[in-house]
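Data first, discussion second: the structure below is written as structure tokens.
No value in this document is a laboratory result; all are computed from the given coordinates. Note that the structure is predicted; figures quoted are calculated from it, not measured. Every residue, glycine among them, receives a Cβ derived from its backbone with ideal geometry; neighbour counts consider all protein chains shown.
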Amino acid sequence: MKSIEVIKSKCAPNDVSKLEALKNQAVLDFIAGYLELCNPDSAFVRTDSKEDALYIRKKAIELKEESELAVDGHTIHFDGYFDQARDKKNTKYLIPEGDNRLGSNISKIEREAGLSEINLLLKDIMKGKQVYICFFCLGPNNSEFSIPAVQITDSSYVAHSEDILYRSGYEEFMNLKGSDSFFKFVHSAGLLENGVSRDVEKRRVYIDLKDNIVYSTNTQYAGNTVGLKKLAMRLAINKSSREGWLTEHMFIMGIGGQGGRTTYFAGAFPSACGKTSTAMLEGETIVGDDIAYFRKVNGQIRAVNVERGMFGIIRDVNSKADPLIWNALNGPGEVIFSNILITGDKVPYWLGKDGEVPPEGLNYSGSWQKGKKDKDGAEITPSHKNARYTVRLGKLSNYDQKAEDAEGVEVKGVIYGGRDSDASVPVEQAFNWQHGILAKASTLESETTAATLGQEGVRKFNPMSNLDFLSIPIGEYISNNLSFVEGVKSPPVIFSVNYFLKAKDGGYLNGIHDKHVWLKWMELRVHNEVEAIKTPSGYIPLYEDLKRLFKDVLDKDYPEGEYNEQFKLRIPENLAKIERIIGIYKKQVSDAPAELFDELEAQKKRLLRVSEKFGENVVPEDLKGMEL
Ligand code: SPV
Ligand code: MN
């Protein structure tokens, strides 16, 4: 059957016209192909109109994928008990036989076998359901940074989430003028039982780089299903690598400085390591909290937020820790809460919210009472640790007006953060771009969290916090980052941060608000307005500067003893980290650039030289003025 005939057999005339108006055969063929294979009863087409967005939201409630809460605009969605995070095990690239370039850190399946498997899973999977065909734009509208994307999903929750998280893109498809240069996503939640995906053992997320399509089946958790989020990011990493720009797992924020200036920073942190809470710090501005596209424009490094909303972790969001998001989540207007606890009066609760968690309610395990245990006898928490909120950035009072700018913002600082209990100091500046990319970004490690399925607290190698999403070989990705700033007079200054350094007794050495001080220090460093101490691994702050900033920013005293404990150079731990990382690159990354090993060996030598003179733990004062 011709594509248009298939479409006519599933869509009402009004929806057919919406598709025909795009005058794009590639769009029609893609949609018709999956309407035929997945066989929904009917299909709805979402343009950029308000009515279309409202229709999808209404459907989500009607079909019970979401239910309304007490506050106007708020809804709750539950994912299945075993469908609470990204499924790394079943997320794979479809790679032609014999192509081993991706290396052992990136999961793949032979392309033809993977396509057969997914086609079999998709066959008739949407029978009995309505499907939503949605047009979005990754990045600001009418921007050279942006990529149009079409999502086919049988989940009104997924379509609704995307409406909150992404800019509408029907007009962008009009502007394509028939081109097939867009990303495509096909998702089905599969059979639903009590509103959640039943067949999670058939959960698959398969990424086809050749045709720029991602397939996702038998899952609802947004990290596996919202095609435009991490799935599009995987396609974009591949595309940007070919085209000479960068796709990064980064927030973008503006930090205020002297004379009312705003300096833009981007920051990469693995999931659940403080990325979102950094991005939305009170007093600063937020452009985005998760994914950024970077381009070199007229000798500047500029970036845009790919999204317009946040899919943030709700645990520990309270009026003290994160007042801005707290306000956004408590006022009227669209918010989707997922996998939290609700009570009979339809009020949401989560771990770490202000006040007490009630003793019973409804959560991701069904009806819940305090003390409820799972099959293995482990206590079920009232809200899942990876429970989330989905909200538009515009609801934050400090949303940066430049976020919608087609030209993006000029990025002057880049931050890499991990969850490191024993080695890295709270904040440190790299010597230069190359040192930053090699010794900080490429060596990033983090202890695992609830954002992915599996054990927590295990130290994992995660270069640029992007390993989960890389669709190109790691070495190539590092080389792209290295060469990206060629021809740029003053490349962004690179920093590392670590909010999770622990004392010997296991307690954290820093408070949750201290990051604000680190940011203000970084802003000053970008403008060369404070001195620093050179250490074997970078530049660290002077005590006097931090003491002043702690007072100015947090109105806190900052004793020198705390500074010494936080910023002392932990030589054995840093050497162990270098050995670990060199081992990983030697064993697992066949295309690691030679400069990486040179840079790490040089850092190791500097560490050894200092340890000969001062021993294993060295306070900053001893390093002042030392030749390194
Ligand atoms: C992350 O885990 O990094 C997230 C949420 O931002 S997810 O969409 O699951 O990737
Ligand atoms: Mn993320």
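Numbers for the structure displayed
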quantity	calculated
Percent RCO, i.e. relative contact order, over the stretch 98-187, from Cα pairs under 8 Å lying at least 6 residues apart	28
Within the chain, helix-based [θ] at 222 nm, where runs of 4 or more DSSP H residues each add -39,500 (n - 2.57), nearest 500	-8500 deg cm²/dmol
For Gly309, distant residues with modelled amide H under 5 Å away	Leu393
Mean Cβ neighbour count within 10 Å, used as a protection proxy, ranking 536-545, 572-581 highest first	536-545, 572-581
Computed E for Lys177/Asp72 - FRET, C-beta separation, R0 45 angstrom, nearest 0.05	0.65
Cut-off under 5 Å, modelled amide H: who pairs with Arg46 long-range	Ile133, Cys134, Phe135
For peptides 269-279, 310-320, 98-108, sequence by mean Cβ density within 10 Å, most packed first	269-279, 310-320, 98-108
Spatially close lysines, pair count over the stretch 573-628: Cα under 20 Å, gap of eight or more or interchain	12
Rule-of-thumb Rg ratio for the chain [Cα; 2.2 N^0.38 Å; N residues]	0.96
Loop trypsin sites (Lys or Arg not before Pro), the stretch 110-177, which have at most 10 other Cβ atoms in a 10 Å radius of their Cβ (DSSP)	Lys177
Pairwise FRET efficiency - Asp345 versus Glu62, Cβ, R0 = 30 Å, nearest 0.05	0.85
Eligible aspartates and glutamates near Lys440 by straight Cα distance, threshold 13 Å, same-chain separation 8 or greater	Asp420, Glu428, Glu599
For peptides 552-561, 51-60, sequence by mean Cβ density within 10 Å, most packed first	51-60, 552-561
Pair Glu565, Gln455: separation of 7 Å Cα→Cβ label points (nm)	3.0
For the stretch 433-443, 3J(HN,Hα) per residue [Karplus equation, 6.51 cos²θ - 1.76 cosθ + 1.60, θ = phi - 60°, Hz, x = Gly/Pro]	4, 4, 4, x, 5, 7, 8, 10, 5, 6, 9
Of Lys23/Lys402; Lys58/Lys385; Lys18/Lys239; Lys129/Lys202, those spanning more than 23 Å from alpha-carbon to alpha-carbon	Lys23/Lys402; Lys58/Lys385; Lys18/Lys239
Calculated FRET value between Glu627 and Lys504, using beta carbons and R₀ = 25 Å, to 0.05	0.20
Around Lys556: net Lys/Arg minus Asp/Glu count, Cβ-Cβ under 11 Å	-3
The chain: relative contact order in percent, alpha carbon pairs under 8 Å with at least 6 residues between	13
If the convex hull is drawn through the Cα atoms of the stretch 290-385, its volume per residue in Å³	146
DSSP beta bridges in the chain [antiparallel fraction, %, rounded to 5]	65
For the stretch 458-467, Karplus couplings with θ = phi - 60° (6.51, -1.76, 1.60), whole Hz, Gly/Pro x	9, 6, 10, 5, 8, x, 6, 6, 10, 4
Spin-label zone in the stretch 186-221 - amide nitrogen under 13 Å from a point set 7 Å from the Cα of Lys89 along the C-beta vector	200-204
Cβ charges +1 (Lys, Arg) and -1 (Asp, Glu), total dipole of the chain, debye	660
